[in-house]
Amino acid sequence: MSEEGLARLEALWKRGTDFLGSKYAILGGAMTWVSERHLVSAISNAGGFGVIACGGMTPDLLAAEIDATRALTDKPFGVNLITLHPALDELIDVCADKKVSHMVLAGGLPSGNAIAKIKGFGAKLMCFAPTAALAKKLVRSGVDAIIIEGMEAGGHIGPVSTSVLAQEILPVIRDVPVFVAGGIGRGEAIASYLEMGASGAQLGTRFVVAEECIAHENFKKAFIRASARDAIASVQIDSRFPVIPVRALRNEGTEKFMEVQREVVTRFQGGELSQEEAQMQIEHFWGGALRRAVVDGDVETGSVMAGQSVGMVKSVEPTATIIDELVAQASAYLAA
């Protein structure tokens, strides 16, 4: 590894490493059913910054997960909470009780109350911003760092690419660190965003095939087999029944989702279903589908959420090997 390139890398992401308290400014994207104690601790132990995906956990489950993660690492890690979780206040209380150092709020604009509660117990708060205007508003609200995530990412996505978001937001958000996410699979990309003004990067898809990740072997094999164009965004059939786009690998489930939407719209038009009933049937289609894929290994009808960087996932490796490779690639790029 080039000493010159490594020194430049350390200088470029120093704001990010200072903020996270980690050796490298590489965040692990919070993936429900995937980002739990084993992967989170492995990322932090390897010099990155792991983040627990609370997802639909109850407060008791989250408390146990934080304790279990601390038993596996003495390095910093964070907790990702979904703003729409019905027990959000109680989950924040758990994080306060456990003295969690870093929090990520995702899935919508956080309330002033949630921000105040998190800031109140001294945690550093990160939030996602899909536009420069919203990023500015979050910073004014007291958010300590911004994450921008492009549509190349896996899971729930917005409509704008990572490269466009970076060009729009990095030049104007200077008061707080900004981490870039979505479609990042190699160190050269991390370095290029750092040169544009980012403080670090967040990767999810790349870590799914880590040895320490508990995802089912079938889930990992699906990632290794897939190319970038296999990771498709779900399609909305009718504007009267909005679908939040989700990027996942094309399979029987994604094809069936299209059929279900068509059937539901036909039944609505025929008077069999009210608009509310029709919307609920569409929304419930994927219920439990991510767990089926990640935990049970049903990669045919389950939801195999993956970003477009899945094409760069070639083999199962230790988390430390993945992070070391990213750092080596970034260093070589900066030394060239």
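Answer with yes or no whether residue 212 is touching a residue at least 60 places away in the same chain (Cβ under 8 Å), of a type in the set (D, E, K, R) and assigned to a loop (DSSP other than H, G, I, E, B).
yes
What number goes with the only condition from (1) open to solvent by 70 Å² or more (accessible area, probe 1.4 Å); (2) assigned to a loop (DSSP other than H, G, I, E, B) that residue 93 does not pass?
Answer for residue 93: the failing condition is (2).
Residues are listed down the side, and each one gets a yes or a no for (1) part of a strand (DSSP E or B); (2) open to solvent by less than 20 Å² (accessible area, probe 1.4 Å); (3) β-branched (Val, Ile, Thr):
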residue: 6; (1), (2), (3): no, no, no
residue: 18; (1), (2), (3): no, no, no
residue: 23; (1), (2), (3): no, no, no
residue: 32; (1), (2), (3): no, no, yes
residue: 38; (1), (2), (3): no, no, no
residue: 41; (1), (2), (3): no, yes, no
residue: 60; (1), (2), (3): no, no, no
residue: 65; (1), (2), (3): no, yes, no
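Quick check on my filter: what residues within segment 85-110 are over 18 Å from residue 62 (Cα atoms) and at pLDDT 95 or above?
The one that is over 18 Å from residue 62 (Cα atoms) and at pLDDT 95 or above: 110.
Being at pLDDT 95 or above and assigned to a loop (DSSP other than H, G, I, E, B) is the filter; apply it to segment 215-235 and report the residue that is surrounded by the fewest Cβ atoms within 10 Å (Cβ to Cβ).
227
Pairs please, first residue from segment 164-181 and over 16 Å from residue 27 (Cβ atoms) and among the β-branched types (Val, Ile, Thr), second anywhere and outside any helix (DSSP H, G or I) and open to solvent by 10 Å² or more (accessible area, probe 1.4 Å), Cβ atoms under 8 Å, 6+ apart in sequence or on different chains.
Close Cβ pairs satisfying both conditions: 169/131.
Looking at segment 275-293, I want the residues that are without any contact (Cβ under 8 Å) to a residue 60 or more places away in the chain and have a partner that is open to solvent by less than 80 Å² (accessible area, probe 1.4 Å) and assigned to a helix (DSSP H, G or I) with Cβ atoms under 6 Å, at least 6 apart or on another chain. Which pairs are those?
278/264; 278/268; 281/264; 282/261; 282/264; 285/257; 285/260
Determine the pairs where a residue that is on the phi < 0 side of the Ramachandran plot and small (Gly, Ala, Ser), located within segment 86-100, has a partner that is modelled with pLDDT of 95 or more and not in a helix (DSSP H, G or I) with Cβ atoms under 6 Å apart, the partner being 6 or more residues away or on another chain.
96/121
Have a look at 302, 271 and point out the one that is open to solvent by less than 50 Å² (accessible area, probe 1.4 Å), of a type outside the set (Phe, Trp, Tyr) and in a loop (DSSP other than H, G, I, E, B).
From the options 302, 271, the qualifying one is 302.
All but one of (1) open to solvent by less than 40 Å² (accessible area, probe 1.4 Å); (2) of a type in the set (A, V, I, L, M); (3) within 19 Å of the chain's Cα centre (by Cα) hold for residue 132, so report the exception by its number.
The one condition residue 132 does not meet is (3).
Can you confirm whether residue 283 is farther than 14 Å from residue 155 by Cα, surrounded by fewer than 13 Cβ atoms within 10 Å (Cβ to Cβ) and charged (D, E, K, R)?
The answer is no for residue 283.
The values are calculated or read from the model by the stated rules, or taken from the named source; none is laboratory data. It should be emphasised that the depicted structure is a prediction, and the values quoted were computed from it without experimental measurement. Cβ sites come from the backbone with ideal geometry, for glycine too, and all protein chains shown count toward neighbours. Each accessible area value is taken on the protein alone, full model and side chains, heavy atoms only, with ligands, DNA and RNA left out. Shrake-Rupley method; radii C 1.70, N 1.55, O 1.52, S 1.80 Å.
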